[in-house]
Amino acid sequence: MTAVDPDAPLVRALLAEQHPDLAALEVTPLAAGWDNAVFRVGAHLTARLPRRSEAVALVAHEQRWLPELAPRLALPVPAPVRLGVAGCGFPWPWSLCPWLPGEPASTSPPHDGSLAARDLGAFLRSLHHPAPPDAPANPYRGVPLAARAARFADAAADLAGRPERVHPATLAWAVDRWGQLVDAPPWPGPPIWIHGDLHPHNLLVDHGRLSAVIDFGDLTAGDPATDLAVAWMLLDAHERSLLGSIAAHDDATWARAEAWAVALAVAYLEGSPDGSPMLGVAQRTLLELGASPS
């Protein structure tokens, strides 16, 4: 794995070299995640640069597909408006995207959960359509539940030795619930466009309302149940029912969605660094699923 740490001077240099009409704009660091670094560029743009070689394909997926998908989606998304190439010592392609105001729902939840369920349901309904054969492949998202079993077992085994992350009784409940759900009937239809990483930290809230969906690096085609797991991460039981009435999937899909919620909560607990908002997302998810609060 090759890794880099982009900074504001690099972004300014790339702009001067490749987009000189933007070179005078102020560049401010916004976030540095596992895969990408994001910078605000002026008042209306962000620059998104991969931080490791494995993320380069994810940027390419966003560049190829988001401009095509964005016009039909019910919430704004960061579809690239300009493209960048390797330069100034930076080895990979990068993107300029629109600035989308808001704060992550993981730290600034929407004020009205029912309205959030309706907005999220409309977004999912607008996204969850059959994907073309050349849609990005993803071996970890949108796949049959059985394909996640080994990763789930590894994460649960690691967490068994980390009681500071999750109480043993809660972990045992999650393992048991996964075992009850993993054999739910598989998705019978064609591969469906899915976000692939739909959790509250990738949902923006502006003035109390869901305002955008970000970070489409895991965009893929497969089982829509992967995306529906967000229902336990963000909503209560009544709001989940409302989301379900809009997203319009069958009982088997919702059973798989619950399994995905269990699996992702365990993955977030196992893999997130200390202080990450994803730890809170995982704990909220397990409580909504019905795990013991121990």
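The values are calculated or read from the model by the stated rules, or taken from the named source; none is laboratory data. Everything numeric in this text was worked out from a predicted model, so none of it was measured. Backbone-built Cβ (ideal geometry, glycine too); neighbour counts: all protein chains shown. In case anyone asks, the SASA skips ligands and DNA or RNA and just uses the protein heavy atoms, side chains included. Shrake-Rupley method; radii C 1.70, N 1.55, O 1.52, S 1.80 Å.
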- Query: Within the range 259-276, can you find the residues that are in contact (Cβ under 8 Å) with a residue 12 or more places away in the chain and either in contact with a Leu (Cβ under 6 Å, 6 or more places away or on another chain) or open to solvent by less than 20 Å² (accessible area, probe 1.4 Å) (or both)?
  - Reply: Ala259, Trp260, Ala261, Val262, Ala263, Leu264, Ala265, Val266, Leu269, Glu270
- Task: Go through the range 96-129 and give me each residue that's of a type in the set (Ser, Thr, Tyr) and either in contact with a helix residue (DSSP H, G or I) (Cβ under 6 Å, 6 or more places away or on another chain) or more than 28 Å from Val41 (Cα to Cα) (or both).
- Result: Ser106, Thr107, Ser114, Ser126
- Task: Those residues that are under 22 Å from Ala282 (Cα atoms) and touching a residue at least 40 places away in the same chain (Cβ under 8 Å), I need them from the range 216-228; list them, please.
- Result: Phe216, Gly217, Asp218, Leu219, Asp223, Pro224, Thr226, Asp227, Leu228
- Task: Would you check if there is a residue in the range 271-285 being in contact with a Lys or Arg (Cβ under 7 Å, 6 or more places away or on another chain), assigned to a helix (DSSP H, G or I) and farther than 18 Å from Ala147 by Cβ?
- Result: no
- Task: Might you let me know whether the range 3-26 holds any residue that is open to solvent by 30 Å² or more (accessible area, probe 1.4 Å), in contact with a strand residue (DSSP E or B) (Cβ under 7 Å, 6 or more places away or on another chain) and part of a strand (DSSP E or B)?
- Result: yes
- Considering only the range 130-173, state which residues are farther than 17 Å from Ala259 by Cα, touching a residue at least 40 places away in the same chain (Cβ under 8 Å) and open to solvent by 80 Å² or more (accessible area, probe 1.4 Å). Pro130, Ala137, His167
- Do you know which of the residues in the range 215-240 that are part of a helix (DSSP H, G or I), in contact with a helix residue (DSSP H, G or I) (Cβ under 6 Å, 6 or more places away or on another chain) and of a type in the set (Gly, Ala, Ser) is surrounded by the fewest Cβ atoms within 10 Å (Cβ to Cβ)? Ala225
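Please specify each residue of the range 71-80 satisfying the condition of being free of Cβ contacts under 8 Å to residues at least 40 places away in the same chain and over 16 Å from the mean Cα position of the chain (by Cα). First the steps, then the outcome.
From the range 71-80, those free of Cβ contacts under 8 Å to residues at least 40 places away in the same chain are 71, 79-80; that's our starting set.
Scanning the range 71-80 gives Pro71, Pro80.
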